[in-house]
Each structure stands twice: as structure tokens, then as C-alpha cells.
Amino acid sequence: MNFQQLRSIREATRRGFNLTEVANALFTSQPGVSRQIRELEEELGVEIFERNGKRLTGLTNPGRDILRIIDRLLLEAENLQQAGQEYSGVKSGTLAIATTHTQARYVLPQAVQSFRARFPEVRVALQQSSPEHIAEWVMSGKADIGIATEGLSQFDDLVSFPCYRWHHMVVVPDGHPLLATQQLTLAQLAEYPLITYDVGFTGRSHIDDAFREAGIATDIVLTAMDSDVIQQYVALGMGVGIVASMAVEHSRHPGLQPIDSSHLFAPNVTRLAVRRAAYLRSYTYDFILQFAPELTRGDIDTALSGSGRVDL
């Protein structure tokens, strides 16, 4: 049994059982991958994969249990490498952060700049995607840290920490009738076409929940992942925008005016997640504590070994 066999099994499940993609990911040949898989199955005496001819089609029941063990073994192997670098005094490395556009654009720049000043030999790799993909990247080890508002606390294999609270804000063009309202209501807002985030992004669920609980129908004419894109289409007069408050605070779009809507929608909590049981380098702890200053290292260690979730 060797690590190349274990990696072949893991990658086969990650790549939809496509051995060509597995071979490319592992920098080897497809026959080499097939041989590694078959040799491990013969050594264990069980079929890990279901097959249709020579093509892998899925995991057998024993294969699902074996995969969980393989994941733990490879995680611990990675932890050993990280611990070796930490205790041997190696200060260089890469901190891979998976996050959404909103976090990368408006919140992370100051934190990354400060981090790089303290750890100039550590490269920062920012990866942007949806919360679901962010969670997958952290669980698979492609990212060390995930940062998003929605979804990260729902995965058992992740440990997540609260970082900060924020709310949504309405944006309208200069001279819009809603600017004359003393306190905006959901009913007034629903009189206009709305432009906001895609489902699953940047607190969108709280927007939908507020209108649904009030029994008010909405006309959401355009959605996007990017706050700047939303504001651009609001500026074109296509509708009223609902965006993250930090997008307005950090990047006011010319010709648009904000309207407070913190009383309309539930507050949002941005969370930072790491893989459960992962070994964290000292610079990873440092970044987490800077981004979520209300935490302590003890909070992080307790969560890693306990419930997997810390709340504000």
C-alpha cells in the first residue's frame, strides 16, 4: 500500500470517475492510475469501485467506507508535512483563501495587505467562487481558509468561526422617489423592479425570507454575484438595488444614493471556515485572528476539537 494508490482512489471520486482527468491531476498516465487502483483493491481483497467494463461508474458500499479512511490518512499526511515545516522554522508557504467576490473586493484587501507585511515570504492565493464551491475547496484541501456569508456552517467536515456582522442596503439612482420616504418599508420597496444577488450569495436568503414572511411578492428582474455589477444596472435605471452594506461603504457608485434598510432584513454574519482536523500553520492562526479579532487561539483550538462552530 502506498500514498499514490490512496491519491488515485481519492482523485477518482473527485473527478467523477474520469481516469483521464485523474491522470492529469496526478501527473501520471491513465494506465498507471488504473494499475494503482486495481493493486490496492487486490491487496484489500474488496472492490472499491463499481464498473461498467473497464469504466469506473461509482463507489461500492465498502468503497464508501474505505474512501473515508483514505481521506483521513491523506489529511494526516498533509498535516505531517505542515507540522514539519512549522517546527523546522520554515517561514515560507502559501495561504490559499477561497471566498466570494464581495469579500475579496471589499473586506479582504486590508487584511491581506497587513498579513503580507507580517509574513512577506508567504504567498496569498485568492480563489473566488460560490459558497458551495468554497466549502468544497476547503474540504478537499485546495484552500486553507474559506470566507463567505452563507453555507459554511452547514458542513460537518468544516469548522467555522464568525467574523463580523453586516446588513443589506438599498441603492437607487439620484432623484428616485424612494429617497423621499422617511423609513423605507418592504411594501414600498416591492413596488419597483429589484436587482440583487444570485440565490445562495451574500445573504440573499435573508432578503427572500423577509418578503416571504411579510407575504409580499417581488419582481426581481436581474441577479448577479458581483455588487459592482448590481450597482451598474441600478445606475442604468433597470431597478432598485439591494446590496451588501460594505459594497456601498467602500465603493460608492456615481449617480447612486443609499437608503438604510437594516430594519428590513435580518443581519448577516460572515464566517471563516477551515477543514476539521487540519493542522494550521502559525501564519494561518495569525490571519484568522486578524480577520476575526473577537476570537482567541483557544476558541479556534476548542472548535477544531469540538462542535465545529463558534457563534457571536
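Does THR202 meet the test of being over 30 Å from GLU11 (Cβ atoms), touching a residue at least 40 places away in the same chain (Cβ under 8 Å), in a loop (DSSP other than H, G, I, E, B) and among the β-branched types (Val, Ile, Thr)?
The answer is yes for THR202.
For the structure I just gave you, tell me whether HIS253 is over 21 Å from the mean Cα position of the chain (by Cα) and buried (at least 17 other Cβ atoms within 10 Å of the Cβ).
yes
Take segment 138-150 and flag every residue that is open to solvent by 20 Å² or more (accessible area, probe 1.4 Å) and either modelled with pLDDT of 90 or more or under 17 Å from THR202 (Cβ atoms) (or both).
Correct list: ASP144, THR149, GLU150.
Being of a type outside the set (S, T, N, Q) and without any contact (Cβ under 8 Å) to a residue 24 or more places away in the chain, is that true of even one residue in segment 179-188?
The answer is yes, given that some residue of segment 179-188 is of a type outside the set (S, T, N, Q) and without any contact (Cβ under 8 Å) to a residue 24 or more places away in the chain.
Inside segment 199-215, can you point out the residues that are surrounded by 14 or more Cβ atoms within 10 Å (Cβ to Cβ) and more than 20 Å from ARG165 (Cβ to Cβ)?
Once the filter is applied, which keeps residues that are surrounded by 14 or more Cβ atoms within 10 Å (Cβ to Cβ) and more than 20 Å from ARG165 (Cβ to Cβ), segment 199-215 yields only PHE211.
Filter segment 91-123 down to residues that are of a type in the set (S, T, N, Q) and open to solvent by 80 Å² or more (accessible area, probe 1.4 Å) and give me whichever is modelled with the highest pLDDT.
Filtering segment 91-123 for residues that are of a type in the set (S, T, N, Q) and open to solvent by 80 Å² or more (accessible area, probe 1.4 Å), the one modelled with the highest pLDDT comes out as GLN113.
In the set LEU126, LEU222, which member is in contact with a helix residue (DSSP H, G or I) (Cβ under 6 Å, 6 or more places away or on another chain), modelled with pLDDT of 90 or more and either acidic (Asp, Glu) or under 28 Å from ARG10 (Cα atoms) (or both)?
Testing whether each residue is in contact with a helix residue (DSSP H, G or I) (Cβ under 6 Å, 6 or more places away or on another chain), modelled with pLDDT of 90 or more and either acidic (Asp, Glu) or under 28 Å from ARG10 (Cα atoms) (or both) leaves just LEU126.
So, in segment 42-70, how many residues would count as being under 17 Å from MET1 (Cβ atoms) and either touching a Gly at 6+ places or on another chain (Cβ under 9 Å) or aromatic (Phe, Trp, Tyr) (or both)?
Matching residues across segment 42-70 total 4.
The values are calculated or read from the model by the stated rules, or taken from the named source; none is laboratory data. This one's a predicted model, so the numbers in the text were calculated from it and none came from an experiment. When we count neighbours, we look across all protein chains shown, and the Cβ atoms used for this are built from the backbone with ideal geometry, even at glycine. To get the accessible areas, we keep the full protein, side chains included, count just its heavy atoms, and leave off ligands, DNA and RNA. Shrake-Rupley method; radii C 1.70, N 1.55, O 1.52, S 1.80 Å.
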